[in-house]
Each structure stands twice: as C-alpha cells, then as structure tokens.
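Chemist: Below is the structure I would like to discuss, written out as structure tokens.
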Amino acid sequence: MNDKDLLSVAIYFGKNALEWKRKFTGLLPEIHKRKLYEKKNCSSIFEFAAKFGGLSNDQVRLALNLEERFESMPRLHEALVNGEVSINKLARVVSIATPENEAELSEIVKNMSKSAVETFVRDEKFTDLPRQTLTLNEEVKNRLIELQSKGIDINELISAALNKREEEIAEEKAQPVELATSRPVPAKTERLLTKEHGTKCSIPTCKKPSEVIHHTQTFAISHSHNPNYLAPLCKEHHEIAHAINLRVREKRFSK
C-alpha cells in the first residue's frame, strides 16, 4: 500500500470511528435506564462504556446529563440518541437551549464546526458590548493637554476629527461600483474596509482578528464588491453568517 492509499484508508477509518463512537454514546442513556449493562457482567454504565466504547467516566456523565436536559426538546434529544452530533457540540448549546429555540439549535450543531458553535453561543449569552478602555500614547496626551491649557475645547476638536473621518468613509462608500469580473475583493476596497472597521472582526462583541471579507449580498447573484454590503469577519462569524444565509434561503424556497 502506497502512502496516499494508506492515508486515505486511515482517514476513512477515523471518520467512521468517530461516527460509531457518537452512535454508541447516544445509546448509553437508554442502556442505563434499562440496566442492560448488567447483562454483560458490568457493575455500572461507566464500566460498560469503558469496556465496549473506550469512553471515560466524564464522557458518560455528560451523555446522561444531556439526555436528561434535552428531555423536553425532541430535536436535540434525537440528535444525541441517534449519534448525529457529538456530545461536545451539544454540551456547548445546552446552556441556551429552550423548547422554543431547540429546532434552530439542532440545525446549528449539525451544520457548524465546534468553534463556530462556541462563538454562536457566546454571542447569544453576551449581548452587551464589551467594555473598552482608551489608550493614548504620551505624545498625544501631552498635545491634548497643551491644547486644553490654551482654552481649546478638545472634546469639540476630537468630535470634529471623528466626524470628518466618518464623512470621508461615507463619501468613498457612495462611489459608483462596477460589476465585478472576479470574486477577490479589490485592494482599494479592502483598504476602505480596514479604514472603517480596523483589523478586528466587524461583529461588535467579537475581539478576534478579521480573516474573511463576507458578502452580505451573495456575490454569485450580485457580482458586486459594494463596500456597503461587505463585512470583515473572523472565521467563526463567517461560518455563522453563511449558515444563517442558508437557513434564510431555505425558508424562502419552502414558501
């Protein structure tokens, strides 16, 4: 077997092993309720899970707890017991899961990566903007103090500078935009977005660096790099944005 074939077989077995482990884990709550582990001469569900599935005690406890928490939420309960989703993903949404939002959450855990799920849950739990502190270097501080000592209103001065910056950005964004022939965002537009949003993800509650420029108007339809419909996002928020767009399109088509 050559290197390529060996790697392919290993990946195939690995993916199947993860799926089988999820399905095995999903069966544990019912096996526990029926005490079926005793038929295999195991003293507890923990011994049974370790012997036949290689699961730790913590993993078993998590599966049992999730099954209990999702008792009134059929979609999430089904995702657990059928092994559709790992218990690690399900554990991340349990704190915000309710009978009202569990249908949406079940789709999220099925279609998003673990890191995107974590980001989504964080956004749902912490809706307030993070508290920011202003950092000025000594030179800027001294210049402002000097101006203030001369009787100049530095608040008015700073406000005027900020207004001018916003006006310049708005003017640049108002320029006519031609239809794009390729998907990459032009460097000029990237510079404008950096000028407006800086280097961080444009989601206000996110502190991660931006990695992707997201087209809020689907590029395949608009064929446009209009900066009014572009948002610099981190990898996780970009994944969330596409998942939301997909759900919106599915709802439209279903109607």
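Chemist: Determine, yes or no, whether HIS225 is under 15 Å from the mean Cα position of the chain (by Cα), surrounded by 12 or more Cβ atoms within 10 Å (Cβ to Cβ) and either assigned to a helix (DSSP H, G or I) or not β-branched (Val, Ile, Thr) (or both).
Modeler: Details: under 15 Å from the mean Cα position of the chain (by Cα): no; surrounded by 12 or more Cβ atoms within 10 Å (Cβ to Cβ): yes; either assigned to a helix (DSSP H, G or I) or not β-branched (Val, Ile, Thr) (or both): yes.
So HIS225 fails the test.
Chemist: Shifting gears a bit: Could you run through the range 86-121 and say how many residues are acidic (Asp, Glu) and either touching a Ser or Thr at 6+ places or on another chain (Cβ under 7 Å) or outside any helix (DSSP H, G or I) (or both)? Spell out how you get there, then give the answer.
Modeler: We begin by selecting, within the range 86-121, every residue acidic (Asp, Glu); these are 100, 102, 104, 107, 118.
Checking the rest, the ones that are also either touching a Ser or Thr at 6+ places or on another chain (Cβ under 7 Å) or outside any helix (DSSP H, G or I) (or both) come to 100.
Residues meeting the conditions: 1.
Chemist: Turning to a different aspect of this structure: Run down THR181, THR194, THR205, THR189 and say which single residue is more than 30 Å from ALA91 (Cβ to Cβ), at pLDDT below 90 and hydroxyl-bearing (Ser, Thr, Tyr).
Modeler: On the way: THR194 fails: at pLDDT below 90; THR205 fails: more than 30 Å from ALA91 (Cβ to Cβ); THR189 fails: at pLDDT below 90.
Being more than 30 Å from ALA91 (Cβ to Cβ), at pLDDT below 90 and hydroxyl-bearing (Ser, Thr, Tyr) holds for just one of THR181, THR194, THR205, THR189, which is THR181.
Chemist: Applying the selection to the range 188-209, what residues are crowded, with 18+ Cβ neighbours inside 10 Å and over 16 Å from LEU230 (Cβ atoms)?
Modeler: CYS206
Chemist: Which numbered condition trips up THR135, out of (1) more than 14 Å from PRO29 (Cα to Cα); (2) in contact with a Lys or Arg (Cβ under 9 Å, 6 or more places away or on another chain); (3) not basic (Lys, Arg)?
Modeler: Failed condition: (2).
Chemist: Of the residues GLU124, GLU68, only one is modelled with pLDDT under 90, in a helix (DSSP H, G or I) and exposed (fewer than 14 other Cβ atoms within 10 Å of the Cβ); which?
Modeler: Details: GLU68 fails: modelled with pLDDT under 90.
Only one candidate qualifies: GLU124.
Chemist: So ARG165 fits all but one of (1) of a type in the set (Lys, Arg); (2) over 18 Å from PHE219 (Cβ atoms); (3) touching a Pro at 6+ places or on another chain (Cβ under 7 Å); what number is the exception?
Modeler: Only one criterion in (1) of a type in the set (Lys, Arg); (2) over 18 Å from PHE219 (Cβ atoms); (3) touching a Pro at 6+ places or on another chain (Cβ under 7 Å) is unmet by ARG165, namely (3).
Chemist: Further, regarding this structure: With respect to GLY53, determine if the residue is surrounded by 12 or more Cβ atoms within 10 Å (Cβ to Cβ) and closer than 24 Å to PRO99 by Cα. Spell out the reasoning first.
Modeler: Values: surrounded by 12 or more Cβ atoms within 10 Å (Cβ to Cβ): yes; closer than 24 Å to PRO99 by Cα: no.
Taking the combined requirement at face value, the residue does not satisfy it.
Chemist: With respect to the numbered conditions (1) loosely packed, with under 13 Cβ neighbours inside 10 Å; (2) in a loop (DSSP other than H, G, I, E, B), which one is the sole condition not fulfilled by VAL177?
Modeler: All conditions are met except number (1).
Chemist: Turning to a different aspect of this structure: Hey, can you tell me all the residues within the range 52-63 that are out of contact with any Leu (no Cβ under 7 Å at 6 or more places or on another chain) and either closer than 21 Å to THR119 by Cβ or part of a helix (DSSP H, G or I) (or both)?
Modeler: First, the residues of the range 52-63 that are out of contact with any Leu (no Cβ under 7 Å at 6 or more places or on another chain): 52-59, 61-62.
Those that are out of contact with any Leu (no Cβ under 7 Å at 6 or more places or on another chain) and either closer than 21 Å to THR119 by Cβ or part of a helix (DSSP H, G or I) (or both): PHE52, GLY53, ASN57, ASP58, GLN59, ARG61, LEU62.
Chemist: State whether one or more residues within the range 130-144 are among the basic types (Lys, Arg) and not in a loop (DSSP other than H, G, I, E, B).
Modeler: First, the residues of the range 130-144 that are among the basic types (Lys, Arg): 131, 141, 143.
Remaining after also requiring not in a loop (DSSP other than H, G, I, E, B): 141, 143.
There is at least one residue in the range 130-144 that is among the basic types (Lys, Arg) and not in a loop (DSSP other than H, G, I, E, B).
The values are calculated or read from the model by the stated rules, or taken from the named source; none is laboratory data. Computed from a prediction, not measured in an experiment: that's the story for all the values here. Neighbour counts are summed over all protein chains in view; Cβ atoms, including those assigned to glycine, are modelled from backbone coordinates with ideal geometry.
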